[in-house]
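Read the figures in this text as sums done on the coordinates, not as results from a lab. On a predicted model such as this, the values are computed, not experimentally measured, just so you know. In this analysis, Cβ positions are derived from the backbone assuming ideal geometry, glycine residues included, and neighbour counts consider all displayed protein chains.
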Amino acid sequence: MLFRSEDGWGVRVTLGEYLLTAAKPVSASRRTGACSPPTRHTRGVDATAAGLSPATVLVAATALHAGFQAVVTLLVYPALAEHPAAGWRGAHERHSRRIVGLVGVVYASVLGACAYRLTDPLDVATVIAYAGSALALGTTAFGAAPTHGRLSSAAGPQDRAPLLRRLLALDRIRLVGAVLALGASLAAASIAAA
C-alpha cells in the first residue's frame, strides 16, 4: 500500500503480522499536506532505516522471484508432469495446496518492491524490470492458474496431456519474465548507484 506522510511517500507491505515499511522523504517545498500511515502492526522491517534503497529492494525481490521460478520451471513442473497416471490427481492437489502460500509471499514481495521503487524517479531499466514482472505475474493470473483449474477436473491422461503441455509452456514464459525482471533490476540498481 502506498502512503503519503508529512515526510514523503512510502510503501507498506503486510504479510500476516509482518510489515515491511519504506519511505522516501520529499523536500519541504513539495509538502502539500499529510496523512498518517497506519501503525497498528508490531513486527516489521523498515527498509529505509535498514539502508535498503528502492533499487536494492527491487533487486532482492526479483532475485527471489527468479530463483523461485527457476526451481518451479526446472524441477517442480517436470516432476509433476512425469507423475504416473495413478495418483496424479492427488499429487496435483497436494502441489497446489503446498505452493500457494509461497507464491503469495514471492508475488507480494515483487509487488511491494515495485511499489517502493516508485518512490524514486523511473529509468528505462526499471520499466523493463516492471514489464518482466508483469509478464510473469500476468501469465500466472491469466494462464497458469486457469490451466491448473482445468487440470484439477481433467478426466484422464488423454485430457491432461495438452493441458500439461500448455502449463509447461506458460511456465517457461514466467521464467523468461522473472529473469528479465532480475537482469533489468540489476541494471537499474547500477544506474541508481552511479
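In this simple spin-label approximation, Val71 and Arg89 carry label points 7 Å from Cα along the Cα→Cβ vector, and these lie 2.9 nm apart. Ranked by the mean number of other Cβ atoms within 10 Å per residue, highest first, peptides 179-187, 75-83 order as 179-187, 75-83.
Each residue, Arg98 and Leu118, gets one label point 7 Å from its Cα in the Cβ direction; the gap between the two is 3.6 nm.
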